[in-house]
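The values are calculated or read from the model by the stated rules, or taken from the named source; none is laboratory data. If you're wondering where the values come from, they're calculated on a predicted model, not measured in any experiment. A quick note on method: Cβ atoms are made from the backbone with ideal geometry, for glycine too, and the neighbour counts reach across all protein chains shown. The protein model used for the area step is the full one, side chains on, heavy atoms only, and it has no ligands, DNA or RNA in it. Shrake-Rupley method; radii C 1.70, N 1.55, O 1.52, S 1.80 Å.
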Amino acid sequence: MEFSFNHKDEVRNNWTIEEITEVYHTPLMQLIDYAGDIHKKYYERGEIQVCALLSIKTGGCSENCSYCAQSVKNDAEIEVEPLLPLETVVDAAKEAKADGATRFCMGAAWRNVRDNKDFDKVLKMISAVNDLGIEVCSTLGMATEEQVKKMKAAGLTSYNHNLDTSEAYYKEIITTRKYGDRLQTLENIRKSGLSICSGGIIGMGESEDDRISMLHSLATLEQQPESVPINTLVKLNGTRIGEQKPVETWDIVRMIATARILMPKSIVRLSAGRESMSYEAQALCFLAGANSIFSGDKLLTTRNVGKSKDSILFDSLGLKPRKSHQETLQEVEN
Ligand code: SAM
Ligand code: DTB
Ligand code: SF4
């Protein structure tokens, strides 16, 4: 594959908007092919990281993210739930592990982490889930370096904090915080030594240039995020995002392939929106370099694919679940 610029497949964080635009607009067959080659260089094809998700505190969030059912500024009908008890979370993590997940991500409808009793409870959850021998991720909104360090000390593997869209389009989607606030939290995570999970959403009315710009922001971070979730908007009644054109499969594939090429070593997660995709469309995403999914019946507030359909998907495509850090470490030690 020849681009007009010199590209040697290595990880680099000096991508320009022009280069990314060229990659993004490569004819799809070639784009998938090239992304597939890069994928092979860094990962085993068809090896998929299986992550489970649990909303540990649902709804009542003060932010005005226009896509989100959990914002108080939207009128979505959801069951507001205070912080779950530790046992409920541990039971869910045990079940996720038994179902084959190797990472357990806990999400809270918080604007930011506060140093209070609830955060102390979350630290206990992190530690208890880590004790089960499963990777732990949390997504709790903005966090300071100190707070992230506390989570790391409790056993957290990764912190999720999405950029969601381009800097230019951000204010159309959220006004209660700034793009710079998101970037600051990413910096705090990086400084703490934790791994970063950061991606975004497509299908919110953004242009292709906005998608390219978001990928540019992610790929040019000093150190690229270890995982990059690509979500397709799940349209929810009562949210302010309004009527949006459904995202075409080709656009999801293009986004994933471009992310794979820009960030060869990152895990690219085919995240929200899988519920409405066919097996074949998902297969294209895996061919384009996606190597992670969320498993289980539920994401945070919306439905997800579920066990039985995913086992058909894995069997049909010969996908293999990726081992967790803990399993890999054990093998090295033995
Ligand atoms: N409150 C924290 C925050 O915003 O960082 C963590 C939870 S928040 C729900 C996590 C991410 O879920 C958001 O950044 C967004 O990318 C994704 N998300 C939320 N609602 C979504 C929707 N309707 N469709 C697709 N992705 C969504
Ligand atoms: C991410 O990028 N997607 C997940 C996880 N990180 C936290 C969340 C998707 C949420 C979809 C809408 C919902 O279930 O409320
Ligand atoms: Fe709150 Fe996160 Fe939803 Fe925004 S995306 S309203 S911060 S829960």
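What residue, of A219, A290, A257, A283, is touching a Leu at 6+ places or on another chain (Cβ under 6 Å), under 27 Å from Q70 (Cβ atoms) and at pLDDT 95 or above?
A290
Please give the number of the condition D115 fails out of (1) within 24 Å of S324 (Cβ to Cβ); (2) touching a residue at least 12 places away in the same chain (Cβ under 8 Å); (3) open to solvent by 20 Å² or more (accessible area, probe 1.4 Å); (4) away from ligand 3 (no atom under 16 Å from the Cβ).
The one condition D115 does not meet is (1).
Does region 84-95 contain any residue that is surrounded by fewer than 20 Cβ atoms within 10 Å (Cβ to Cβ), out of contact with any strand residue (DSSP E or B) (no Cβ under 9 Å at 6 or more places or on another chain), among the aliphatic types (A, V, I, L, M) and at pLDDT below 95?
Scanning region 84-95 turns up no residue that is surrounded by fewer than 20 Cβ atoms within 10 Å (Cβ to Cβ), out of contact with any strand residue (DSSP E or B) (no Cβ under 9 Å at 6 or more places or on another chain), among the aliphatic types (A, V, I, L, M) and at pLDDT below 95.
Among the residues of region 258-275, which ones are in a loop (DSSP other than H, G, I, E, B) and open to solvent by less than 10 Å² (accessible area, probe 1.4 Å)?
So the first thing to find is which residues in region 258-275 are in a loop (DSSP other than H, G, I, E, B), and the list is 263-266, 271-273.
Scanning region 258-275 gives M263, P264, S266, S271.
Looking at (1) open to solvent by 70 Å² or more (accessible area, probe 1.4 Å); (2) more than 16 Å from ligand 3 (Cβ to nearest atom), can you tell me which one E22 breaks?
(1)
Is it true that L186 is open to solvent by less than 20 Å² (accessible area, probe 1.4 Å), assigned to a loop (DSSP other than H, G, I, E, B) and modelled with pLDDT of 95 or more? Don't jump to the end; show me each part of the working.
On the way: open to solvent by less than 20 Å² (accessible area, probe 1.4 Å): yes; assigned to a loop (DSSP other than H, G, I, E, B): no; modelled with pLDDT of 95 or more: yes.
Answer is no for this residue.
Which residue is surrounded by the fewest Cβ atoms within 10 Å (Cβ to Cβ), if the candidates are limited to region 235-257 and must be touching a Phe, Trp or Tyr at 6+ places or on another chain (Cβ under 8 Å) and closer than 20 Å to E63 by Cβ?
Filtering first and then ranking leaves L236.
Quick check: is even one residue across region 96-107 within 16 Å of ligand 1 (Cβ to nearest atom), more than 18 Å from the chain's Cα centre (by Cα), surrounded by 23 or more Cβ atoms within 10 Å (Cβ to Cβ) and under 27 Å from K73 (Cα atoms)?
Within region 96-107, none of the residues are within 16 Å of ligand 1 (Cβ to nearest atom), more than 18 Å from the chain's Cα centre (by Cα), surrounded by 23 or more Cβ atoms within 10 Å (Cβ to Cβ) and under 27 Å from K73 (Cα atoms).
Inside region 218-231, can you point out the residues that are open to solvent by less than 10 Å² (accessible area, probe 1.4 Å) and within 14 Å of ligand 2 (Cβ to nearest atom)?
Those that are open to solvent by less than 10 Å² (accessible area, probe 1.4 Å) and within 14 Å of ligand 2 (Cβ to nearest atom): L218, P225, S227, V228, P229, I230.
Mind listing whichever residues of region 203-217 are assigned to a helix (DSSP H, G or I), open to solvent by less than 20 Å² (accessible area, probe 1.4 Å) and over 11 Å from A168 (Cα atoms)?
Those that are assigned to a helix (DSSP H, G or I), open to solvent by less than 20 Å² (accessible area, probe 1.4 Å) and over 11 Å from A168 (Cα atoms): I212, L215.
Okay, residues lined up against (1) within 8 Å of ligand 3 (Cβ to nearest atom); (2) in contact with a Ser or Thr (Cβ under 9 Å, 6 or more places away or on another chain); (3) of a type outside the set (S, T, Y):
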position: L53; (1), (2), (3): no, yes, yes
position: C61; (1), (2), (3): yes, yes, yes
position: Y67; (1), (2), (3): yes, yes, no
position: Q70; (1), (2), (3): yes, yes, yes
position: P82; (1), (2), (3): no, yes, yes
position: V90; (1), (2), (3): no, no, yes
position: K94; (1), (2), (3): no, no, yes
position: A101; (1), (2), (3): no, yes, yes
position: A109; (1), (2), (3): yes, yes, yes
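Only residues in region 320-334 that are under 22 Å from S292 (Cα atoms) count as the first member; pair them with residues that are surrounded by fewer than 12 Cβ atoms within 10 Å (Cβ to Cβ), Cβ under 9 angstrom, at least 6 apart or cross-chain, and list the lot.
K320/E44; R322/E44; K323/E331
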